[in-house]
Amino acid sequence: MRIDIITIFPEILQSSLNYSIIKRAREKGLVEINLINLRDFATDKHKSVDDYPFGGGAGMVMMIEPVYRAIESLKKERKYDEIIYTSPDGIHLNQKLANRLSLLENIIILAGHYKGVDQRIRDYLVTMEISIGDYVLSGGELPAAIITDSIVRLLPGAISDEQSALTDSFQDDLIAPPVYTRPVNFKGWKVPDILLSGNTPEIEKWRLEQSLERTKRLRPHLLKEDE
Ligand code: SAM
């Protein structure tokens, strides 16, 4: 898989996408992540990528020309399955969407800034808009990193224990059960006996019960969606 991220702050993404599972997935060649500096596609001596909004008002707007040139230069090299714009009013990122995106071959993620991007970028250049939640961040770099992380950890081989990603919360519309490790007793706070019993079927039964109880309590809508 290939993920090309267009940004004016590649530094923000450089470190966040170069650790742990993502780093190993890149090293194994499971994913190629490229950071494209939008300023490389500006044509004036100041490397401008933003301008004042037509009609007045606060804030600057990301211009269409550099974004168009950046996307076109990528599209010359390969076909893209999705061109994603990170936007507070996009569709919410969830596990189902991450699963779907992880099956794609090539995607572009455009990280916005300022008051946002010229609407024509959204109308004519991008194919999908994704939000990471109903709040506004200063830029699309953190959302781009979050979207990328949620996708890459699902790529086969990215996680050494393959089961691990499959048993995470939301994969089967359930919240994951609680997990414990040593010590068995810390200040009188004990690990549930069942986990020490060695009785695998009973442990699996307990985990499912815990998942169902937690889902009912914390994310009841997940259970309703299945009805
Ligand atoms: N004026 C815009 C609005 O009210 O929707 C907010 C612009 S925000 C300051 C700058 C950029 O950050 C956006 O263009 C978008 O790319 C990114 N961004 C901010 N919050 C986001 C969120 N919750 N999800 C995805 N992207 C977000």
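So between E11 and R69, what do we pick up on full extension, going 0.36 nm a residue minus the alpha carbon distance? If you can, show how the numbers build up before the last one.
Working: separation 58, 0.36 × 58 = 20.88 nm, distance 2.12 nm.
So the extension gain works out to 18.8 nm.
Sticking with the crude label model, points 7 Å out along Cα→Cβ, report the distance from T127 to N37 in nm, one decimal please.
Simple spin-label model gives 2.9 nm for this pair.
How large is the translational diffusion coefficient of segment 169-226 in µm² per second when you combine the Kirkwood radius over alpha carbon pairs with Stokes-Einstein at 10 °C and 1.306 mPa s?
On the way: Rh = 12.6 Å.
My calculation gives 126 µm²/s for D.
Please compute the net charge surrounding M62, taking Lys and Arg as +1 and Asp and Glu as -1 over other residues with Cβ under 9 Å from its Cβ. Show your work: numbers first, answer last.
Numbers: positive: K115; negative: D50, D51, D118.
Residues close to M62 contribute a combined charge of -2.
Using θ = phi - 60° and the Karplus form 6.51 cos²θ - 1.76 cosθ + 1.60, what ³J(HN,Hα) does each residue of segment 118-123 get, whole Hz, x for Gly and Pro?
Those phi angles translate into 3, 3, 5, 5, 6, 6 Hz.
What's the long-distance tail for the chain, i.e. % of Cα pairs beyond 28 Å?
Values: 10912 of 25651 pairs.
So the pairs more than 28 Å apart make up 43 percent of the total in the chain.
So, how do all the Cα-to-Cα distances of segment 1-86 break down into 5 Å bins, in percent, from 0 on up?
Binned Cα distances yield the sequence 3, 12, 19, 20, 19, 12, 8, 4, 2, 1.
Round to the nearest 0.05 the FRET efficiency obtained for L97 and K216 when R0 = 25 Å and r is the Cβ-Cβ distance. Numbers along the way, then the final one.
Numbers: r = 23 Å, r/R0 = 0.94.
In this case the efficiency is close to 0.60.
What ranking, highest mean first, results for peptides 12-20, 79-87 when packing means the other Cβ atoms within 10 Å averaged over each residue?
Values: 12-20: 14.0, 79-87: 19.3.
With the highest mean Cβ count within 10 Å placed first, the list reads 79-87, 12-20.
Return one number: the angle in degrees, 0 to 90 and rounded to the nearest 10, between the long axis of the Cα atoms of helix 200-218 and the longest principal axis of the Cα atoms of the chain.
50
How big is the Kirkwood radius of segment 104-225, worked out from every pair of different alpha carbons and given in Å to one decimal? Please list the in-between numbers first.
On the way: mean 1/r = 0.0545 Å⁻¹.
Final number for the Kirkwood radius of segment 104-225 is 18.3 Å.
Which distance in nm do the two modelled labels at D81 and M60 give, with both placed 7 Å along the Cα-to-Cβ direction?
About 3.5 nm separates the two model spin labels.
Starting from 0.36 nm per residue, how many nanometres of slack lie between F170 and D193 once their C-alpha separation is accounted for?
Values: separation 23, 0.36 × 23 = 8.28 nm, distance 2.62 nm.
Value of the extension gain: 5.7 nm.
Which of G133, S211, S197 sits farthest toward the positive end of the charge dipole of the chain, with +1 on the Cβ of Lys and Arg and -1 on the Cβ of Asp and Glu?
Checking the options against the dipole of the chain, the answer is S197.
None of the figures in this text is laboratory data; all of them are computed from the coordinates on show. None of these values were measured; they are calculated from a predicted model. Ideal geometry is used to build each Cβ from the backbone, glycine not excepted, and the neighbour counts take in all protein chains shown.
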